[in-house]
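Below is one structure, written out as structure tokens, with a few remarks after it.
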Amino acid sequence: MNPTLPPLRESLEAHGLLAKKSFGQHFLLDLNITRKIVRLAGPFEGRAVIEVGPGPGGLTRALMESDAGPVVLIEKDPRFIPLLSELDTGDGRLAIIEADALKVREAELVTGPAHLVSNLPYNVGTALLIKWLTGPWLPHALTLMFQKEVAERIVASPGDDAYGRLAIIAQAVCEARIVMHLPAAAFTPPPKVASAVVHLIPHATRPEPATLKRLETITASAFGQRRKMLRSSLKTLGGATLCEAAGIDPDARAETIDLAGFLRLADALA
Ligand code: SAM
């Protein structure tokens, strides 16, 4: 790493920066932790990495030390741009974009396969994940910090309390696993809950956009009333007839149906 860079805490103080709650700001100031996250995200082998919400740049510093190719930062809070500019080594490798990641078109920022690495702002974490899973641009791999409860919803299996829409959409597109747990105390300021890093690798083929849309429709109804039998929760979509067309027991509840079953229901809806 650039030996002239001051420790992160000093950088924040030098720029007079305090965390803003409205931007979901909880910083990782320990480079041992950010380096570990980057190790879990890689190897990058020269591929581009997009980092959403770099904030003071703890993860960015670790990315700049790694085998990442271009590193593209998307940060909504303009206060961090000068501090992030200090990480620029002047060789064109780092791009800093002041923007709302929900509105950015990633395909315009990188060429070829790219990784996404982020300690996500919790208030928009799920919305961003859905955007990346269902949008036109799919990353090579995603390594994302969420609240532990959201991470558990992403990797949940049938029968788990956390099993629902997020597990089905995420697992229809990717293989997803929790690779690291972090206590609230690892962040400055600490959030109210613990966190976990989820690593997602897209399947070689992902469902067609139309199938994903139908999957969203089905899971919204099925888990909107998760204690009801599917014949009743899916009533407006075809109820028992739809279930039978998909080879699913209409008396079953959503939480017992696996991904393959939901994909068959989505096909039957077509
Ligand atoms: N990566 C830093 C770290 O680990 O210390 C900061 C993580 S903090 C949890 C979330 C960051 O996302 C903040 O820097 C915040 O300003 C930024 N952010 C919040 N909403 C955003 C959005 N819609 N688009 C881009 N960045 C956003």
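The values are calculated or read from the model by the stated rules, or taken from the named source; none is laboratory data. This one's a predicted model, so the numbers in the text were calculated from it and none came from an experiment. With ideal geometry, Cβ positions are generated from the backbone for all residues, glycine too; neighbour counts draw on all protein chains shown. Surface areas here come from the heavy atoms of the whole protein model, side chains and all, with no ligands, DNA or RNA. Shrake-Rupley method; radii C 1.70, N 1.55, O 1.52, S 1.80 Å.
Observations, loosely collected:
- Residue check, ALA162 of a type outside the set (S, T, N, Q), out of contact with any helix residue (DSSP H, G or I) (no Cβ under 9 Å at 6 or more places or on another chain) and at pLDDT 95 or above: no
- Of everything in region 67-103 that is of a type in the set (A, V, I, L, M) and near the ligand (Cβ under 8 Å from one of its atoms), the residue that is nearest to LYS36 (Cα to Cα) is ILE74.
- Residues that are open to solvent by 60 Å² or more (accessible area, probe 1.4 Å) and assigned to a loop (DSSP other than H, G, I, E, B) within region 33-45 comprise PRO43, GLU45, listed in sequence order.
- In region 105-149, the residues that are hydrophobic (A, V, I, L, M, F, W, C) and more than 27 Å from VAL193 (Cβ to Cβ): ALA107, LEU109, VAL110, ALA114, TRP137, LEU138
- Residues that are hydrophobic (A, V, I, L, M, F, W, C), closer than 21 Å to SER195 by Cα, open to solvent by 30 Å² or more (accessible area, probe 1.4 Å) and not in a loop (DSSP other than H, G, I, E, B), drawn from region 3-32: PHE23, LEU31
- All positions within region 72-103 that are open to solvent by less than 20 Å² (accessible area, probe 1.4 Å), over 20 Å from THR4 (Cα atoms) and hydrophobic (A, V, I, L, M, F, W, C): VAL72, LEU73, ILE74, ALA101
- Breaking point among (1) more than 16 Å from the ligand (Cβ to nearest atom); (2) open to solvent by 70 Å² or more (accessible area, probe 1.4 Å), for ALA107: (2)
- SER233 being open to solvent by less than 50 Å² (accessible area, probe 1.4 Å), polar (S, T, N, Q) and touching a residue at least 40 places away in the same chain (Cβ under 8 Å): no
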